[in-house]
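Enquirer: A single structure is presented below for examination.
The values are calculated or read from the model by the stated rules, or taken from the named source; none is laboratory data. No experiment lies behind these values; they were computed from the predicted model shown. Here the Cβ positions follow ideal geometry from the backbone for every residue, glycine too, while neighbour counts run over all protein chains shown.
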2 protein chains.
Amino acid sequence: MAKRNLYLNNTPIEEAKAQYLAAVKPLIQPKFETVPTAEALGRVTAAAVYARCCSPLFNAAAMDGIAVTAEKTASARETAPLTLVKNEDFRVVDTGDPIHPPYDAVIMAEDVIVLDDERVQIIASANPWQHIRPIGEDIVAGEMLLPGRHRIRPIDVGVLLSGGITEIEVLARPSVAIIPTGTEIIEPDKEPDEGDIIESNSRMFAALVSEAGGAPDRFDILPDDYELLRDTVDKAVDGHDMVIVNAGSSAGTEDFTVHVLRELGEVLVHGVAIKPGKPVILAIVRGKPVIGLPGYPVSAYIDFTEFAAPVLQLFTGISAVQSGDRARAVISKRLVSSLKHLEYVRVKVGRVGDKLVASPLARGAGAAMSLVRADGFCLIPQNSEGVEAGDQVDISLYRPLKEIENTLVAIGSHDLILDVLADIMPNRFPGCFLSSTHVGSMGGLMALGRGEAHLAPTHLLDEDTGVYNVSYLQRLFPNEKMALIKGVNRIQGFIVKPGNPLNITSVSDLTRCRYVNRQRGAGTRVLLDYLMKKQGIAPEEINGYEREAATHMAVAAAVNSDSADCGMGIMSAARALNLDFVEVGPEEYDFAIPVRFLDLPLTQHFLELLRSDEFHQRLAELGGYGWDRCGEIVYI
Amino acid sequence: MAKRNLYLNNTPIEEAKAQYLAAVKPLIQPKFETVPTAEALGRVTAAAVYARCCSPLFNAAAMDGIAVTAEKTASARETAPLTLVKNEDFRVVDTGDPIHPPYDAVIMAEDVIVLDDERVQIIASANPWQHIRPIGEDIVAGEMLLPGRHRIRPIDVGVLLSGGITEIEVLARPSVAIIPTGTEIIEPDKEPDEGDIIESNSRMFAALVSEAGGAPDRFDILPDDYELLRDTVDKAVDGHDMVIVNAGSSAGTEDFTVHVLRELGEVLVHGVAIKPGKPVILAIVRGKPVIGLPGYPVSAYIDFTEFAAPVLQLFTGISAVQSGDRARAVISKRLVSSLKHLEYVRVKVGRVGDKLVASPLARGAGAAMSLVRADGFCLIPQNSEGVEAGDQVDISLYRPLKEIENTLVAIGSHDLILDVLADIMPNRFPGCFLSSTHVGSMGGLMALGRGEAHLAPTHLLDEDTGVYNVSYLQRLFPNEKMALIKGVNRIQGFIVKPGNPLNITSVSDLTRCRYVNRQRGAGTRVLLDYLMKKQGIAPEEINGYEREAATHMAVAAAVNSDSADCGMGIMSAARALNLDFVEVGPEEYDFAIPVRFLDLPLTQHFLELLRSDEFHQRLAELGGYGWDRCGEIVYI
């Protein structure tokens, strides 16, 4: 076997962070630059800013009316009106007009009786300085307008200009070199060959750096070559405030990064007790922070947030990542975690009844979509073995809690139409959302039973009666009034390679191919089992019966990549990958729902979507669906 | 009197908004553009985005180790190790390497015994597909990556590229013409003459438009000229998606905007029942929304948020303004409001003990600094006469609640050193803040008594003993253990014009000048009253004794603008405006604090600041301060 860097450390995250930031902090000298105030939105003040002039700049009329000299109006009474002569006793003023001596008060237009073009009458005296906005009422020259290290907002731009500040000293954006490495990675616009990985992390880092107030400088992809990497990092350190190398941060045969950083500078930490995200490198090269981030996108994202963002914050003086809402939620599924590390678990969050429920998403370091789909994350501490279903956990939210509370939660069987419905919902009903988690039909009904979802998409065939869904609800919910919202008829069948080269036409043909199955509890697997039983075929007879894929699309992908010859699934999944499809027959894909949720506004919106022409049009485009009874309610 | 547009309406705000949005909505056709994914951060998807390729693109090793054919390993046992030959029975793989047939499983490096360069031994069989990341595990081609109308985040950029999406269709930024008008307004870089107003609103609008996802196009300032305004708006409508005219939206003699918009199109609303912000114009010109915003900056800001932002949201499909935290707080001061309108009251918010306290800021439409200083606002509904001190109100927060909870709340006498301390605090103690509200010494002690502040800056002279502060605390807090944190000795005196032309040297000289006084309850006023009493001078003898300014700086500004000859105040205020200063004598400016707050971490930080060299250095720069006992604690 080739030589590997087997010796990754397992430093606790807080310790690693504290050690690194303590070492980096004294090295960082914030840089400043002067920008026009009008272009300073979002920038951060270098120091407190003091007004150069007053606002208003002069004593100004606060009302439309006439300017007078207060002491000359003293005799005016209702019983003894006083007549004033224009430009002698008074001047007509609009709001904002300057008030000069001898005038020292304004009388509102409504309180003035116009006699003719030259003369007016008043019936009450004026107090000195009434209805006058004194100079400096809003801003006094010399007054502090903004404190130092303040992120400039739109209102601040206005106030700075009013205070005579046309240019402002702000923190310069730290320049961050981002160096993607790896012989196997390619630019996204290249056509990939077998074994190629599309380079996407560097663009994600660039976006994260921008959001945190830095200036990203993305380098071209470097192949895995020790000298080339060393020379590139060496030059990058000179020209930038900070360097990010991605990846080669682990301990594989071609993971050079740690060796390069040891040669050029000092590696303070290699490997932290965090999952995903263990293989991170925290180094300093000639007084500059250099961070090696792992290649898996979720690891890369978490390590950026944990280590690169706080370093950026030392330059920018502001919190890099907007901290969102926090909430306490019930975890819907047992989570076993290792004692060895802190684990970030991405979750979907929903409000069901009076419970806030967090459902864990895919936990793999490569599951970038779990970050896209997540509403937040919870932390399973180092030294904890995990949490049990039903335990309370703290969630850091990526979305506002308000949005989450306005989300209809579907947990159950997977179908592409759930994506379509989730896409239409907020367009048709702004501020309302549909979230779906895919755990199979039985899994969904279980979640419904535990009060973790509003509805469960399900397609479970009763082997005795041939009727879908109804008997399952009767059996599983003896104490709750349930309904089925009819969904779609969809065609199940065998997903096979183009041209169906193995000529698979029925269940009995599965014994002579490499099959990919769905997970236990999936309606599609129940259907297969039913068909196998009818034909008298045992699981052992099918090569791949034990191989489980979690969605229709995953089945189609396995066939498409030739790691299987056939799998059962829906027509739209086959179509999406240009595969062939052998119809087995239609099935009923419905939504189980407790009757008490039927009246929720979100449910009513959902019903309206199901019945809409827009949705039926999208079904027609997908193919393989019927929608005759879509949106009908069947009480069980 | 000149002709005025006296007939502003008073449409309730929700009605005005609903009416206008209903009219504008059908006119708005979102426009799309295609941008490179790498530059799409913050943009909004035009429609749902589906993956073009799978990720991973192939079946890949999930571990470092060897790829094997599972069925050929079936016989391996601890008691019967199986020897495998390189490139025949196995291949060495690193994480991420592709796995090709005939290999269909990976055995971890740790479980492999290396015999020599060509042969390894295993002691357990492999299951098919173990430690293999199947093609499409993260993303399956055809799967929905992002829904429509989704604001693209850094993680989304990564996932889009991984899914083969290198370009993406997004909503085009709506172009918004911003037309500043007014003969009296000048560009911020011009030297202002008497009567000039620095134009700052248009830059604030530009920043607000940018934040809301629009593209601002700021026009040059137009003088008040009917034809010129009409022609400019006419052209702007053709070239932009939306037009903002500022100001001339009220009913003054030179407020042309409403007439222009009536000539060019339709004015749906002129005047809403909101304060500040009444004189807004909501119009449609040739199918484009045109909004006339008022000139006062607070009115302009509120009306932008209420009317222009929701229109922008129709273009962008996303919430224009990030809605912040909401909280319930006790209002610290009676607020009388008119039945005629909804009122936005800006407040400072602090956590004192177990109470969240909201202190109202300046309510005028011109008080832009009230928006800068505000932590949030509360709404006093139309048809409400206001709220009483101690009532609960709902606050919409501009700052995160977490920040507010980490803020030391000072209410009381004003001094420039409070700004300095507020500036140093978050720099020295990141995440910690000091807020100060200026209500005079007595007002501060009252607030302390009601539990609305942690500490009260105070400088109250006991006329009988000549001792500062102590006797007031003894008298006002009979039931609470109190302490004084010693602050600074500061020199009080007369702020006069340069050269002291009226030769003011003592209190008796005030009878022959125009004076500007401080408000009742201010320590400076108590000092003046004490000096007047000693000299036997009655208030009626001083011209301007009744004229009140709220801060030292406001006093200095009044003298500087020649609306007064003299006022009493501190040396630093005179210095800030280059005025002369006649010393009266030093006084003790301290911080009253209940003993129970002394142990708070925030108080400890505050004490550290008071004792720091950095603070003393800043005092020396300001001038007129002594800090011998600064930070000492005196128990009362």
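Enquirer: Go through the stretch A:317-390 and tell me which strands (runs of 3 or more DSSP E), entirely inside it, have 1 or more residues that are within 17 Å of A:T407 (Cα to Cα) and away from chain B (no Cβ under 14 Å).
Expert: On the way: elements: A:326-331, A:342-352, A:355-360, A:376-380.
It comes to A:326-331, A:342-352, A:355-360.
Enquirer: Those residues that are crowded, with 22+ Cβ neighbours inside 10 Å and facing chain A (nearest Cβ under 9 Å), I need them from the stretch B:39-50; list them, please.
Expert: Across the stretch B:39-50, the qualifying residue is only B:A40.
Enquirer: So, one more: Please go through (1) buried (at least 17 other Cβ atoms within 10 Å of the Cβ); (2) free of Cβ contacts under 8 Å to residues at least 24 places away in the same chain for B:Y468 and return the number of the only condition it doesn't satisfy.
Expert: (2)
Enquirer: What's the number of the condition A:D193 fails, among (1) within 13 Å of another protein chain (Cβ to nearest Cβ); (2) more than 14 Å from B:A38 (Cα to Cα); (3) surrounded by 23 or more Cβ atoms within 10 Å (Cβ to Cβ)?
Expert: If we test A:D193 against (1) within 13 Å of another protein chain (Cβ to nearest Cβ); (2) more than 14 Å from B:A38 (Cα to Cα); (3) surrounded by 23 or more Cβ atoms within 10 Å (Cβ to Cβ), just (3) comes out false.
Enquirer: If we only count strands (runs of 3 or more DSSP E) wholly inside the stretch A:399-458, which ones have 2 or more residues that are within 16 Å of A:T551 (Cα to Cα) and not assigned by TED's automatic domain parsing to the domain that holds A:E608?
Expert: Result: A:407-412, A:433-438.
Enquirer: Away from every other protein chain (no Cβ under 11 Å), touching a Lys or Arg at 6+ places or on another chain (Cβ under 9 Å) and not aliphatic (A, V, I, L, M), is that true of B:S75?
Expert: no
Enquirer: Being under 18 Å from B:S572 (Cβ atoms) and small (G, A, S) is the filter here, so list the residues in the stretch B:441-473 that pass it.
Expert: B:S441 - this is the single residue of the stretch B:441-473 that is under 18 Å from B:S572 (Cβ atoms) and small (G, A, S).
Enquirer: Keeping to the stretch B:427-444, report how many residues are farther than 19 Å from B:A358 by Cβ and either within 12 Å of chain A (Cβ to nearest Cβ) or surrounded by fewer than 22 Cβ atoms within 10 Å (Cβ to Cβ) (or both). Outline the logic, then answer.
Expert: Residues of the stretch B:427-444 that are farther than 19 Å from B:A358 by Cβ, as a first pass: B:427-432, B:440-442.
Next, only the ones that are either within 12 Å of chain A (Cβ to nearest Cβ) or surrounded by fewer than 22 Cβ atoms within 10 Å (Cβ to Cβ) (or both) stay: B:427-432.
Going through the stretch B:427-444 one residue at a time, the tally reaches 6.
Enquirer: Mind telling me which of the residues B:E33, B:E88 ends up being surrounded by fewer than 13 Cβ atoms within 10 Å (Cβ to Cβ), modelled with pLDDT of 95 or more and either assigned by TED's automatic domain parsing to the domain that holds B:G148 or of a type in the set (D, E, K, R) (or both)?
Expert: The conditions single out B:E33.
Enquirer: Looking at A:N59, is it over 21 Å from A:M144 (Cβ atoms) and within 10 Å of chain B (Cβ to nearest Cβ)?
Expert: yes
Enquirer: So which strands (runs of 3 or more DSSP E) stay within the stretch A:547-636 end to end and still have 3 or more residues that are under 30 Å from A:V352 (Cβ atoms) and of a type in the set (A, V, I, L, M, F, W, C)?
Expert: A:580-594
Enquirer: So A:L82 clears everything in (1) surrounded by 16 or more Cβ atoms within 10 Å (Cβ to Cβ); (2) closer than 30 Å to A:G214 by Cα; (3) without any contact (Cβ under 8 Å) to a residue 60 or more places away in the chain except one condition, right? Which one?
Expert: So the condition that A:L82 fails would be (2).
Enquirer: Turning to a different aspect of this structure: Can you pull out the residues in the stretch B:139-159 that are out of contact with any Asp or Glu (no Cβ under 8 Å at 6 or more places or on another chain), part of a loop (DSSP other than H, G, I, E, B) and more than 7 Å from chain A (Cβ to nearest Cβ)?
Expert: Passing the criteria: B:I152, B:R153.
Enquirer: With (1) surrounded by 23 or more Cβ atoms within 10 Å (Cβ to Cβ); (2) over 17 Å from the mean Cα position of the chain (by Cα) as the list, and B:R346 as the residue in question, which single condition is left unmet?
Expert: So B:R346 meets the others, but not (2).
Enquirer: Oh, and also: Looking at the stretch B:96-121 only, could you name the residues that are of a type in the set (D, E, K, R), away from every other protein chain (no Cβ under 11 Å) and under 15 Å from B:D64 (Cα atoms)?
Expert: Passing the criteria: only B:D111.
Enquirer: Only one of (1) without any contact (Cβ under 8 Å) to a residue 12 or more places away in the chain; (2) assigned to a helix (DSSP H, G or I) is not met by B:T511, so which one is it?
Expert: (1) is the only condition that B:T511 fails.
Enquirer: Of the conditions (1) surrounded by fewer than 24 Cβ atoms within 10 Å (Cβ to Cβ); (2) closer than 29 Å to B:L600 by Cα, B:H459 clears all except one; give me its number.
Expert: Every condition holds for B:H459 apart from (1).
Enquirer: Looking at A:D325 and the list (1) more than 21 Å from the chain's Cα centre (by Cα); (2) within 20 Å of A:L379 (Cα to Cα), which single condition is not satisfied?
Expert: Only one criterion is unmet by A:D325, namely (1).
Enquirer: Taking the residues in the stretch A:160-189 that are at pLDDT 95 or above and part of a helix (DSSP H, G or I) as candidates, determine which candidate is nearest to the other protein chains (Cβ to nearest Cβ).
Expert: A:L161
Enquirer: A further question on this structure: In the list A:I302, A:I284, which residue meets the criterion of being in the same structural domain as A:M242 (by TED's automatic domain parsing) and closer than 14 Å to A:N246 by Cβ?
Expert: Only one candidate qualifies: A:I302.
Enquirer: Looking only at the stretch B:375-392, which residues are crowded, with 19+ Cβ neighbours inside 10 Å and modelled with pLDDT of 90 or more?
Expert: The answer is B:D375, B:G376, B:F377, B:C378, B:I380, B:V387.
Enquirer: Here are the criteria: (1) more than 7 Å from chain A (Cβ to nearest Cβ); (2) crowded, with 23+ Cβ neighbours inside 10 Å; (3) not in a strand (DSSP E or B). Tell me which single one B:A124 does not satisfy.
Expert: Among (1) more than 7 Å from chain A (Cβ to nearest Cβ); (2) crowded, with 23+ Cβ neighbours inside 10 Å; (3) not in a strand (DSSP E or B), the lone unmet condition for B:A124 is (2).
So that you can scan it fast, the table gives a plain yes or no per residue for (1) over 32 Å from the mean Cα position of the chain (by Cα); (2) surrounded by 15 or more Cβ atoms within 10 Å (Cβ to Cβ); (3) within 22 Å of A:D423 (Cβ to Cβ); (4) touching a residue at least 40 places away in the same chain (Cβ under 8 Å):
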site	(1), (2), (3), (4)
A:A573	no, yes, yes, yes
A:V584	yes, yes, no, yes
A:E588	yes, yes, no, yes
A:T603	no, yes, yes, yes
A:Q617	no, no, yes, no
A:I636	yes, yes, no, yes
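Enquirer: Let me ask something else about it. Given the conditions (1) among the hydrophobic types (A, V, I, L, M, F, W, C); (2) farther than 17 Å from A:A308 by Cβ; (3) away from chain B (no Cβ under 14 Å), and given that A:I221 satisfies all but one, which numbered condition is not satisfied?
Expert: In the conditions (1) among the hydrophobic types (A, V, I, L, M, F, W, C); (2) farther than 17 Å from A:A308 by Cβ; (3) away from chain B (no Cβ under 14 Å), A:I221 misses (3) alone.
Enquirer: Can you find, within the stretch B:247-263, the residue that is nearest to the other protein chains (Cβ to nearest Cβ) among those that are modelled with pLDDT of 90 or more and in contact with a helix residue (DSSP H, G or I) (Cβ under 8 Å, 6 or more places away or on another chain)?
Expert: Within the stretch B:247-263, the match that is nearest to the other protein chains (Cβ to nearest Cβ) is B:T257.
Enquirer: Against the condition among the hydrophobic types (A, V, I, L, M, F, W, C), in contact with a His (Cβ under 9 Å, 6 or more places away or on another chain) and buried (at least 19 other Cβ atoms within 10 Å of the Cβ), how does A:V280 come out, does it pass?
Expert: The answer is yes for A:V280.
Enquirer: Do we have A:A564 as touching a residue at least 40 places away in the same chain (Cβ under 8 Å), facing chain B (nearest Cβ under 10 Å), more than 18 Å from A:D423 (Cβ to Cβ) and crowded, with 16+ Cβ neighbours inside 10 Å here?
Expert: yes
Enquirer: Search the stretch A:257-279 for residues being in contact (Cβ under 8 Å) with a residue 40 or more places away in the chain, hydrophobic (A, V, I, L, M, F, W, C) and not in a strand (DSSP E or B), and hand back the single one that is farthest from A:F377 (Cα to Cα).
Expert: Taking the candidates together, the pick is A:V258.
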